[in-house]
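Read the structure below first, then the notes.
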Amino acid sequence: MAKNTSSSAFRKIDIDQYNEDNFKEDEAEQAVPTGPDEGEVCALLNQARYVEALKHVLNNAPLGSTDQQVKDNALSLTLKVLIAVKSAQIEEVVGNLSLDDIDILMKYIYRGFEYPSEGSSGHLLLWHEKAFNIGGAGSIVRVLSDRMKV
Amino acid sequence: MSQTLTFGDSCAPITCHAWNKERNQIAFSPNNNEVHIYQKEGSDWKQTNNLVEHDMRVMGIDWAPNTNRIVTCSVDRNAYVWTQGEDGKWSTTLVLLRINRAATCVKWSPMENKFAVGSGARLISICYFEKENNWWVSKHIKKPIRSTVTTLDWHPNNILLVAGSSDFKVRVFSAYIKDIEDQPGPNVWGSKLPLGQLLAEFRSSGSGWVHSVSFSADGNKVAWVGHDSSINIADASQGKAVIKLKTEYLPFLGCIWISNNNLIVAGHSCIPLLYCHEGDEIKFVAKLDNTQRKESGGLSAMKKFQSLDRQARIETSDTFLDSIHQNAITYINLYKGTKADAVKISTSGLDGQLVIWDIATLEKAFEDRVMI
């Protein structure tokens, strides 16, 4: 028997790399937002203007950005806002968001699950429940299928 | 309102289905390399033929109503055109697709003189008959497709073709074959129409791969559904702008126009939905299926055990959904009427059921409700 029959390395060869018209990710069509402004968000949080703070981070989310640092900063700032909102107020805050905002919020909720801190996941589950009530299964599917990751 | 058909004792998913012109015969693939043909006899459906020529899973079937020819395509990279002899037997004609990946979808053109095959080789084969050699030859549309072509639909003018692909884009091409047809005139999509000419490309940034596309009856509008649970419509007479509706449902796998403004979509949420295109909005109109949880009495004991076996369940607890289809709907077809005025449509899916829906009564019921 040939020596290399147990070798499976050939399965990992990317035979498509020699094609000239391979699929490439679309370049961002317009300038990608550079992420939310930390000072402004903190100021809004201090005044307990949660809806505005959340809208600010969601509207300035660096979707499709290639800079991991920018994305991580935006994530930590968004999580800060999500955790600052008290459980009883979540429903009201979510009710003030547009459907597009809900989709982005859902992306941040799932990203938040990836980096749990003390008590954060339980709180995010509450957010998830309220966001799901509005966005439905569609908003979860869009977290999975969308190439514009947060 | 609706009529449910199952074929044989098999619970296998139905990959795709196609009707003959009189709607008394159906061809479908039970998720394998075979294509079964059933004929209606009285109120029963009896299997008359089994087309076995492919050696891997059949991905697409289309039945040309007037010339009574069936075309099938498969993961084995082949397509066959089937014609029925006087003795009722079906025989194949070879199609030279010249592709090195699976064929994924196939559609006859409206005039039935050519058909298009989409494939994983990132190209579309436009096939037409060559008498001298008694086979179907193909010409390729390659650029700028960057990924598997998942779905196709013909424009009513027999020239234009819309293709959806897993590179998230929907493209309108010219599929004009100068060897077999006259020079086409200009239309709303474009005026220069050599084969492969890209007339429109719709990208929806950050959306899912495209599952199904449909040209409207007048050919001015294209609708498509993607894996981001969205419904999209582009109107060539309105500057080709894309209208997108993100829905709260699981992704849709099929879409079809049933009038110039109404669209049926269906997919993983197991219920066909009716949407309406008005101005620059897509509006939800109605669910076709308002079934409440029903008793499982309709199923034979045999079916019940088969279903238990298939889902590897031990206990007989009820897992029925509140819908007629019990699993994702993968394919929608017209049953009665045309895209301009469909009266009945048929859907098939992973649960092995084929359901014929009466849209006329549904639309009437809806109008009555609006009146009240």
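The values are calculated or read from the model by the stated rules, or taken from the named source; none is laboratory data. Keep in mind that what you see is a predicted model, and the values were worked out from it rather than measured. Quick reminder, even Gly has a Cβ in these numbers, built from the backbone with ideal geometry, and neighbours come from all protein chains shown. With ligands, DNA and RNA removed, areas are computed over all heavy atoms of the protein, side chains included. Shrake-Rupley method; radii C 1.70, N 1.55, O 1.52, S 1.80 Å.
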Rank by packing, highest mean first: peptides A:44-56, B:81-93, with packing defined as the count of other Cβ atoms within 10 Å averaged across residues. A:44-56, B:81-93
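Sorted by mean Cβ packing within 10 Å, highest first, what order do the peptides B:249-260, A:58-69 take? Walk me through the numbers before you get to the answer.
Values: B:249-260: 22.9, A:58-69: 17.0.
Final packing ranking: B:249-260, A:58-69.
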Sequence of A:37, B:9 from largest to smallest accessible area, 1.4 Å probe: B:9, A:37
The protein assembly as shown - charge dipole about Cα centre, Lys and Arg +1 at Cβ, Asp and Glu -1, debye rounded to 20: 840 debye
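Which pairs in the list B:21/B:139; B:287/B:344; B:142/B:336; B:169/B:244; A:80/B:283 are over 25 Å apart, alpha-carbon to alpha-carbon?
On the way: B:21/B:139 28 Å; B:287/B:344 15 Å; B:142/B:336 35 Å; B:169/B:244 13 Å; A:80/B:283 37 Å.
From the list (B:21/B:139; B:287/B:344; B:142/B:336; B:169/B:244; A:80/B:283), the Cα-Cα distance tops 25 Å for B:21/B:139; B:142/B:336; A:80/B:283.
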From DSSP H assignment alone, runs of 4+ in the protein assembly as shown each adding -39500 (n - 2.57), the sum over residues rounded to the nearest 500 puts [θ] at 222 nm at -6500 deg cm²/dmol
The distance between the Cα centres of segment B:319-349 and segment A:90-137, in whole Å, is 34 Å
Report, in degrees rounded to the nearest 10, the 0 to 90 angle that the Cα long axis of helix A:99-114 makes with the longest principal axis of chain A. 70 degrees
Note down the accessible area of residue B:130, probe 1.4 Å, to the nearest 10 Å². 50 Å²
Take residue B:306 and residue A:70, extend 7 Å from each Cα along the Cα→Cβ direction, and tell me the distance between the two endpoints in nm. 5.6 nm
What spacing in nm lies between the two simple spin-label points modelled at residue B:280 and residue B:183, each 7 Å away from Cα in the Cβ direction? 3.8 nm
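Let me confirm one metric for peptide B:221-230, namely the mean number of other chain beta-carbon atoms within 10 Å of its residues' beta-carbons. Don't jump to the answer; show the numbers that get you there.
Values: counts 0, 0, 0, 0, 0, 2, 5, 10, 9, 4.
The shielding value for this peptide is 3.
So which of A:24/B:143; A:149/B:221; B:192/B:240; A:86/A:130 end up more than 21 Å apart, counting from Cα to Cα?
A:149/B:221
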Determine the shielding of peptide B:4-16 by partner chains: average, over its residues, the number of Cβ atoms on other chains within 10 angstrom of each Cβ. 0
How large is the accessible surface of residue B:129 in square angstrom, using a 1.4 angstrom probe and rounding to the nearest 10? 80 Å²
Calculate the mean, over all residues of peptide A:131-141, of how many other protein chain Cβ atoms lie within 10 angstrom of the residue's Cβ. 5
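Buried accessible area between A and B (1.4 Å probe, both chains summed, ligands and nucleic acids excluded), in Å² to the nearest 100?
Details: alone 9840 and 17080 Å², together 25150 Å².
It comes to approximately 1800 Å² buried between A and B.
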Ordering B:165-175, B:114-124 by per-residue average of other C-beta atoms within 10 angstrom, highest first, gives B:114-124, B:165-175
At 1.4 Å probe radius, can you tell me the per residue accessible area of chain A in Å²? 60 Å²
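So what is the relative contact order for chain B, in percent, with contacts set as C-alpha pairs under 8 Å and at least six apart? Write out the running numbers ahead of the final one.
Working: 951 pairs, mean separation 45.5, N = 372.
Worked out over chain B, it gives 12 percent.
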Hey, what's the per residue convex hull volume over the C-alpha atoms of segment B:2-371, in cubic angstrom? 148 Å³
Please give the FRET efficiency for residue A:59 paired with residue B:86, using the beta carbon to beta carbon distance and R0 = 56 Å, rounded to the nearest 0.05. 0.20
Take the Cα coordinates of the protein assembly as shown, assign each an equal point scatterer, and use the Debye formula without solvent to give log10 I(q)/I(0) at q = 0.11 Å⁻¹. -1.07
For chain B, which whole-number percentage of the solvent-accessible area (1.4 Å probe, protein heavy atoms only) is attributable to carbon and sulfur atoms? 49 percent
Once label points are set 7 Å from the Cα along Cα→Cβ at both residue A:14 and residue B:336, what is their separation, rounded to one decimal in nm? 5.4 nm
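Ignoring ligands, DNA and RNA, how do A:143, B:222 rank by accessible area with a 1.4 Å probe, largest first? Please list the in-between numbers first.
Working: A:143 25, B:222 0 Å².
Final ranking, largest accessible area leading: A:143, B:222.
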